[in-house]
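Can you read through this structure? Questions will come right after.
The values are calculated or read from the model by the stated rules, or taken from the named source; none is laboratory data. Remember, it's a predicted structure, so these values are computed and weren't measured experimentally. Reconstructed Cβ throughout: ideal geometry from the backbone, glycine too, with neighbour counts over all protein chains shown.
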Amino acid sequence: MNFEAQRVIEALRSGVSSRAVGHYFSSARPELMRQLSRELDQVMESGDSSGMVITGRYGEGKTHLLNTVVNLAHNNNMVVSLLSLSKETPFDKLYLVYQKLVSNTYLPGRLQPGFEQLLQDLTPNSQAAQDILSFTSKHLETDKLFFVFRSYLHVDDPDDKYLLLADLEGDFISTSRLRQVYKRIFGQAARFATPFTKSRHSTDYFAMLSHLFKLLGFNGWVILFDEGELVGRLGKKARLKAYSNMASFLFPEQYSHLESTFSIFALTASFIEDVIEGRHEYENLNSVYVERSEREPVEKVLNSIKTAAQLQALSPAEIKVVLEQLRDFHAQAYDWPANLDIEQVLKATETRGYLLRTRIRAAVELLDQLYQYGQAGDIRINELGEPQYLEDELPALDDCLLES
């Protein structure tokens with residue numbers, strides 16, 4: 001039996017996409033994959049940053065597409081972060097997003113997330129260390145990260161080093177504690193040019209990471225945001241703030257300092273009708289933001305969502321190719337011949353609804369039955385309904401806590 005093939009089949013059986021599935025099932029939507037490949041090439045060659053929005057119906061392969069991009073980026077020596085938005089990761093609060101993003105950041109060739117090893121390899125007198133100190137002191141909105149990095153590079157106390165590393169990973173150290181650590185190491189006070197506030201200056205950390213990855217020899221950073229439609233569950237002002245934050249990733253050349261970064265937001269196709277039109281986002285924008293400079297990034301994000309390419313349902317020929325791959329993987333996974341005409345699989349799954357995910361699960365069930373019993377019975381997998389996301393005006397727990 002092939003245990004890697006088993007892992008792929010089990011993921012497909014559950015209906016949950018994975019990096020392994022994205023690695024082996026990457027042939028669908030070849031034109032879109034070529035476009036994404038060109039986008040990554042542009043980032044690597046120019047060093048510029050950009051972003052895009054992808055929409056699609058529930059169950060039509062948005063998450064699978066993102067997992068395919070993970071493998072494409074890693075093959076190009078790019079760092080990848082893949083994050084699903086949630087109530088615990090609301091996009092109106094980038095300091096929460098950053099912490100979650102770090103814990104879902106994968107270096108090429110690494111199975112475990114994180115970038116701690118990169119920091120441990122930095123030495124105080126190295127060219128890389130001098131570069132990052134210069135960058136954090138001159139090119140960000142605040143200079144807090146300069147004091148964090150300088151302290152980290154020279155610290156001896158393990159507890160202080162842990163606090164500084166935790167800060168770089170998103171568990172921000174308080175200003176007073178950072179002052180104490182800095183004075184203990186260097187015998188002088190840390191004098192901040194601009195006080196750091198996590199609600200306003202968290203983009204400094206994203207910019208720092210993008211610079212660090214490029215500095216240490218990676219070809220860029222790919223950031224993938226799944227379940228982007230959950231922005232629609234936020235309250236009116238929080239949604240507008242989330243759109244403004246999205247502009248930092250979709251239009252980084254204008255609204256952030258990201259370097260060699262490519263970002264994708266995946267949303268359900270119904271977001272336009274349910275949220276942008278249903279909740280009158282353009283009217284909300286004009287009523288909340290008076291200044292043109294505040295409205296512009298939000299307008300650009302709303303426009304990019306409305307004009308985004310929608311994942312089209314796979315053609316019969318493309319579905320046939322996917323099911324052929326699935327049949328062959330099932331045969332490898334359980335070491336059986338699987339001498340089954342693919343037309344039989346197509347016929348057995350075509351009544352399972354329009355969702356690609358559901359048809360794949362139905363095909364796996366059919367193959368399971370043939371493998372175990374030698375014949376197929378009733379397929380119990382049915383079409384899953386698309387979830388509805390209702391506005392949630394209740395404050396998150398974090399809103400009730402005082403900002404450090």
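Quick one: count up the residues across the stretch 106-120 that are modelled with pLDDT of 90 or more, in a loop (DSSP other than H, G, I, E, B) and not polar (S, T, N, Q).
7
Using the structure shown, decide if Tyr58 is modelled with pLDDT under 95 and over 16 Å from Ile264 (Cβ atoms).
Details: modelled with pLDDT under 95: yes; over 16 Å from Ile264 (Cβ atoms): yes.
For Tyr58, the condition - modelled with pLDDT under 95 and over 16 Å from Ile264 (Cβ atoms) - is met.
With a cut-off of at least 1 residues that are of a type in the set (Gly, Ala, Ser) and in the same structural domain as Leu101 (by TED's automatic domain parsing), name the helices (runs of 4 or more DSSP H) lying wholly within the stretch 226-312. First the steps, then the outcome.
Numbers: elements: 236-250, 252-255, 281-288, 292-306.
Where helices (runs of 4 or more DSSP H) fall fully within the stretch 226-312 and carry at least 1 residues being of a type in the set (Gly, Ala, Ser) and in the same structural domain as Leu101 (by TED's automatic domain parsing), they are 236-250, 281-288, 292-306.
One residue is enough: does the stretch 127-135 have a residue meeting the conditions of a type in the set (Asp, Glu) and either closer than 27 Å to Leu66 by Cβ or part of a loop (DSSP other than H, G, I, E, B) (or both)? Outline the logic, then answer.
If we filter the stretch 127-135 for residues that are of a type in the set (Asp, Glu), which is where we start, we get 131.
Filter once more, keeping what is either closer than 27 Å to Leu66 by Cβ or part of a loop (DSSP other than H, G, I, E, B) (or both): none.
No, the stretch 127-135 contains no residue that is of a type in the set (Asp, Glu) and either closer than 27 Å to Leu66 by Cβ or part of a loop (DSSP other than H, G, I, E, B) (or both).
Would you say Ser315 is modelled with pLDDT under 85, farther than 19 Å from Gly374 by Cα and among the small types (Gly, Ala, Ser)?
On the way: modelled with pLDDT under 85: yes; farther than 19 Å from Gly374 by Cα: yes; among the small types (Gly, Ala, Ser): yes.
It is true that Ser315 is modelled with pLDDT under 85, farther than 19 Å from Gly374 by Cα and among the small types (Gly, Ala, Ser).
Just to be sure I understand the filter: pairs with C-beta atoms under 8 Å, separated by 6 or more residues or on different chains, first member in the stretch 120-146 and charged (D, E, K, R), second member not in a helix (DSSP H, G or I). Which pairs pass?
Between residues of the stretch 120-146 that are charged (D, E, K, R) and residues that are not in a helix (DSSP H, G or I), the close pairs are Glu141/Thr194; Asp143/Phe192; Asp143/Ala193; Asp143/Thr194; Lys144/Phe192; Lys144/Phe196.
Residues that are farther than 30 Å from Leu367 by Cα, in a helix (DSSP H, G or I) and of a type in the set (Asp, Glu): does the stretch 313-325 have at least one?
Step one: filter the stretch 313-325 for residues farther than 30 Å from Leu367 by Cα, giving none.
No, the stretch 313-325 has no match at all.
Which of (1) within 16 Å of the chain's Cα centre (by Cα); (2) farther than 20 Å from Pro252 by Cβ; (3) in a helix (DSSP H, G or I) is the odd one out, the single condition Ala73 does not satisfy?
Of everything listed in (1) within 16 Å of the chain's Cα centre (by Cα); (2) farther than 20 Å from Pro252 by Cβ; (3) in a helix (DSSP H, G or I), Ala73 misses just condition (2).
Among the residues of the stretch 193-222, what is the count of those that are among the polar types (S, T, N, Q) and either within 17 Å of Ser50 (Cβ to Cβ) or under 18 Å from the mean Cα position of the chain (by Cα) (or both)? Give the derivation first.
Looking only at the stretch 193-222, we keep the residues that are among the polar types (S, T, N, Q), and these are 194, 197, 199, 202-203, 210, 219.
If we keep only those that are either within 17 Å of Ser50 (Cβ to Cβ) or under 18 Å from the mean Cα position of the chain (by Cα) (or both) too, we end up with 202-203, 210, 219.
Final tally of qualifying residues: 4.
Within the stretch 171-182, how many residues are basic (Lys, Arg) and closer than 18 Å to Pro124 by Cβ?
At the first step, the residues of the stretch 171-182 found to be basic (Lys, Arg) are 177, 179.
From what's left, closer than 18 Å to Pro124 by Cβ: none.
So the answer is 0.
Please find, within the stretch 211-246, the residue that is surrounded by the most Cβ atoms within 10 Å (Cβ to Cβ) out of those that are among the charged types (D, E, K, R), under 20 Å from Ser103 (Cα atoms) and in contact with a strand residue (DSSP E or B) (Cβ under 7 Å, 6 or more places away or on another chain). First the steps, then the outcome.
Step one: filter the stretch 211-246 for residues among the charged types (D, E, K, R), giving 214, 226-227, 229, 233, 236-237, 239, 241.
Within this subset, residues satisfying the condition of being under 20 Å from Ser103 (Cα atoms) are 214, 226-227.
Those still in the list that are in contact with a strand residue (DSSP E or B) (Cβ under 7 Å, 6 or more places away or on another chain) too: 226-227.
Numbers: Asp226: 21, Glu227: 19.
Ranking the candidates gives Asp226 first.
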